[in-house]
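Q: Quick one: structure below, then a few questions.
The values are calculated or read from the model by the stated rules, or taken from the named source; none is laboratory data. Because the structure is a prediction, the values reported are computed rather than measured. In this analysis, Cβ positions are derived from the backbone assuming ideal geometry, glycine residues included, and neighbour counts consider all displayed protein chains. The accessibility values were calculated without ligands, DNA or RNA, using every heavy atom of the protein model including side chains. Shrake-Rupley method; radii C 1.70, N 1.55, O 1.52, S 1.80 Å.
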Amino acid sequence: MKSLLSISFIIVTSLLLFGCGKPDLVVTTLEVTGPSVINAENSVEVPIRVVVRNQGNASADTFKTAIDYTEPKGTFVVAFTVPGQTDIWYPKTSSPLASGGEVTFSGKVTFHPSLHGVTVSLNAIADSCSGDEFMPDYCRVNESNEENNKSTSISLTLP
């Protein structure tokens with residue numbers, strides 16, 4: 001009887017710790033990849049790269065990634081344009097992401113001209129629901145950990 005109880009405990013513990021066969025999306029890299037530029041509309045364009053890893057033990061369905069920034073007036077989503085993507089705000093994976101797999105989004109974020117000279121705190125969010133209505137709490141991918149989709153912030157002073 002004791003060994004059956006021990007086995008049950010191990011199974012329950014494993015299910016809790018390892019998410020019962022679910023994906024787990026985390027942003028492993030958010031970095032600026034070049035100098036900021038002021039475009040023809042006087043907006044600030046900053047080239048960035050975002051890497052999202054599926055550290056879970058199951059494949060993740062397609063998902064989108066968003067970038068937000070915090071400045072003295074609040075937190076806002078910023079357009080993240082990636083070449084080859086149809087949505088200028090939110091790049092999306094084109095196929096499921098395997099367990100242990102990574103996807104890289106390289107593009108630019110574009111800030112409104114009113115933010116010249118402002119220091120912002122930039123974050124990337126994997127499996128973002130930003131801009132969507134009527135999504136479940138977990139967005140598109142039901143993960144073992146829904147609390148680790150946001151990157152570490154980077155500080156950036158806009159020209």
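Q: Take Leu122 and decide whether it is in contact with a helix residue (DSSP H, G or I) (Cβ under 9 Å, 6 or more places away or on another chain) and either modelled with pLDDT under 90 or surrounded by 13 or more Cβ atoms within 10 Å (Cβ to Cβ) (or both).
A: When the stated conditions are applied, Leu122 does not pass them.
Q: Determine which single condition Val109 fails, assuming it passes every other condition in (1) in a loop (DSSP other than H, G, I, E, B); (2) closer than 20 Å to Ser153 by Cβ.
A: (1)
Q: Which residues, counting only those in region 125-152, are modelled with pLDDT under 95 and of a type in the set (Lys, Arg)?
A: Once the filter is applied, which keeps residues that are modelled with pLDDT under 95 and of a type in the set (Lys, Arg), region 125-152 yields only Arg140.
Q: Limited to region 101-118, what total is found for residues that are touching a Leu at 6+ places or on another chain (Cβ under 7 Å) and surrounded by 12 or more Cβ atoms within 10 Å (Cβ to Cβ)?
A: Count: 5.
Q: Which ones in region 59-100 are open to solvent by less than 20 Å² (accessible area, probe 1.4 Å) and part of a strand (DSSP E or B)?
A: Within region 59-100, Ala60, Lys64, Thr65, Ala66, Ile67, Asp68, Val78, Ala79, Phe80, Leu97 meet the criteria.
Q: Got at least one residue in region 142-154 being among the acidic types (Asp, Glu), open to solvent by less than 60 Å² (accessible area, probe 1.4 Å) and over 16 Å from the mean Cα position of the chain (by Cα)?
A: Scanning region 142-154, I find no residue that is among the acidic types (Asp, Glu), open to solvent by less than 60 Å² (accessible area, probe 1.4 Å) and over 16 Å from the mean Cα position of the chain (by Cα), so the answer is no.
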